[in-house]
1. Considering every residue within the stretch 17-24, establish whether at least one is modelled with pLDDT of 80 or more, in a helix (DSSP H, G or I) and under 43 Å from the mean Cα position of the chain (by Cα).
2. Would you mind stating whether ALA237 is part of a helix (DSSP H, G or I) and either more than 21 Å from LEU178 (Cα to Cα) or outside the structural domain of ILE317 (by the TED database) (or both)?
3. Only one residue in PHE174, PHE163, PHE185, PHE214 is surrounded by fewer than 19 Cβ atoms within 10 Å (Cβ to Cβ) and closer than 30 Å to SER443 by Cα. Which one?
4. Among the residues of the stretch 400-418, count how many are assigned to a helix (DSSP H, G or I) and more than 28 Å from LEU267 (Cβ to Cβ).
5. With ASP311, ASP296, ASP280, ASP242 as the choices, which residue is acidic (Asp, Glu) and in contact with a Pro (Cβ under 8 Å, 6 or more places away or on another chain)?
6. So VAL55 passes all but one of these: (1) more than 19 Å from SER213 (Cα to Cα); (2) without any contact (Cβ under 8 Å) to a residue 12 or more places away in the chain. Which condition number does it fail?
7. Give me the residue from the stretch 139-160 that is within 19 Å of VAL276 (Cα to Cα) and acidic (Asp, Glu) and, out of that set, most open to solvent (accessible area, probe 1.4 Å).
8. Within the stretch 302-351, which residues are open to solvent by less than 50 Å² (accessible area, probe 1.4 Å), over 20 Å from MET137 (Cα atoms) and in a helix (DSSP H, G or I)?
Amino acid sequence: MTKVPDQTGASTIWGGRFAGGPSAVMQRINASIDFDKRLYAQDIRGSKAHCAMLVKVGVLSDADGQAILRGLDQILQEIESGRFTFSTALEDIHMNVESRLAELIGEAAGRLHTARSRNDQVATDFRLWVRDAVDGMEDALGRLQAALIDKAEQHAGTVMPGFTHLQAAQPVTFGHHLLAYVEMFGRDRSRLKDARVRMNECPLGAAALAGTSFPIDRHMTAAELAFDRPCANSLDAVSDRDFAMEFLAAAAICAVHLSRLAEELVLWTTAQFRFVSLSDGFTTGSSIMPQKRNPDAAELVRAKAGRVIGDLNALLIVMKGLPLTYSKDMQDDKEPVFEAADTLELSLAAMTGMITDLSVNTPRMKESAGAGYTTATDIADWLVRAANVPFRQAHHITGQIVRLAETRGIGLEQLSLPDLQSVDGRITADVFSVLGVEASAASRTSFGGTAPVNVAAAVQAARRRFL
């Protein structure tokens, strides 16, 4: 058996060119094993596909191929059982696996790297990992949508104030409000699916940057790894990180959506709103104020959007000035992606739990729905429909009615018919049919509107589209 080279000093995997070894600082800044060990499953999967292809095209013997596959399977078991020792001196996951493979099977391990480089190897591993992360995030978004749809169905007719500028605008239903987020998270899923299609090309076989002179079959390895096709250009294959940036962009937008919903939960749980309450499982108390129930889970989801946005910014800045092809800067592509994936996974789980456990204060929502003269637009619409008043004129008349109610300190529905007719004589008693908040919401029957009958239908449509 051929002796495995010592992995220290000048005898590193790349050390033949160097008379001396790297400094301690260089070893620290150069090593990535502390974070890229997360790629172990993808690295081993890619190596097995590469090995099988090399055997098929005759670059590797059957015996060497079988030995390599057995060794890789053993390494996978060792890592997953916690028995594998990762070495910083070996720099990254690729060299750690290759070194252990050499310990297990000897010289045949050195043949595995034929017709490939760490450049195309890491590009393949990383794409596989991001693809898996996309699939996991898409599933998590589906679970959140299911929770929102279930809650929307329960509250298809629960009236609440709709806001613009955070000012009460018009009555809407709580179910309709929740379904707005279902749409937002549906777009997040769509972005992830689109990104997955673009990233599903295989870099393996591009080698360092120029391809290889060995008679490899890149279509075989692409198919084995469930890619749609091999990357068409070897230079682009090893230098492209668009797939990671697209993932982070989709993750950042999703985190913004989560933050917006979290902010609403924070507002709605205040004593001033009292629209909803969160369960003990997603709130905390105060160390000094015994009456407090703090919406900490929602606040943390809101805060974590900043981390995901920062991760996107970090990778964009890493990549913005790099010439083709691979530069060591690209070693820093993984940490922001890993962090964003972890952060978003946790945030999605927390939000799904909060929505599932959410308790709704229906009477308080209805009471608040009428505050701020939210049915004023209904009067204007009534004037247009019943009295054939041009809308701009109807808007002006309604403004005068609101001012009258404000002067008296009462709601619109508390004005008498003579009061209303003092503003415009065309108003009849029929106008009172549109002044209740429930009647107002029920009247919004246009497609995509807030009427409870619409919401009930939209819930079923959302189940068909997203679940």
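The values are calculated or read from the model by the stated rules, or taken from the named source; none is laboratory data. All of these numbers come straight from a predicted model, not from anything done at the bench. Neighbour counts run over all protein chains shown; Cβ positions are idealised from the backbone, glycine included. Just the protein is used for accessible areas: all its heavy atoms, side chains included, with ligands, DNA and RNA removed. Shrake-Rupley method; radii C 1.70, N 1.55, O 1.52, S 1.80 Å.
1. Of all residues in the stretch 17-24, those modelled with pLDDT of 80 or more come to 24.
So of that shortlist, the ones also in a helix (DSSP H, G or I) come out as 24.
Remaining after also requiring under 43 Å from the mean Cα position of the chain (by Cα): 24.
Yes: the stretch 17-24 contains one or more residues that are modelled with pLDDT of 80 or more, in a helix (DSSP H, G or I) and under 43 Å from the mean Cα position of the chain (by Cα).
2. On the way: part of a helix (DSSP H, G or I): yes; either more than 21 Å from LEU178 (Cα to Cα) or outside the structural domain of ILE317 (by the TED database) (or both): yes.
Answer is yes for this residue.
3. Details: PHE174 fails: surrounded by fewer than 19 Cβ atoms within 10 Å (Cβ to Cβ); PHE185 fails: surrounded by fewer than 19 Cβ atoms within 10 Å (Cβ to Cβ); PHE214 fails: closer than 30 Å to SER443 by Cα.
The match here is PHE163.
4. Residues of the stretch 400-418 that are assigned to a helix (DSSP H, G or I), as a first pass: 400-408, 412-414, 417-418.
From what is left, the residues that are more than 28 Å from LEU267 (Cβ to Cβ) are 400-401, 403-404, 407-408, 417-418.
Here the count works out to 8.
5. Working: ASP296 fails: in contact with a Pro (Cβ under 8 Å, 6 or more places away or on another chain); ASP280 fails: in contact with a Pro (Cβ under 8 Å, 6 or more places away or on another chain); ASP242 fails: in contact with a Pro (Cβ under 8 Å, 6 or more places away or on another chain).
Answer to the selection: ASP311.
6. The failed condition is (1).
7. GLU153
8. Quick first cut of the stretch 302-351, residues open to solvent by less than 50 Å² (accessible area, probe 1.4 Å) only: 305-306, 308, 310-312, 314-315, 318-319, 322, 325, 327, 330-331, 333-334, 336-338, 340-341, 343-344, 347-348, 350-351.
Narrowing further to those that are over 20 Å from MET137 (Cα atoms): 314, 318-319, 322, 325, 327, 330-331.
Selection gives ALA314, VAL318, MET319, MET330, GLN331.
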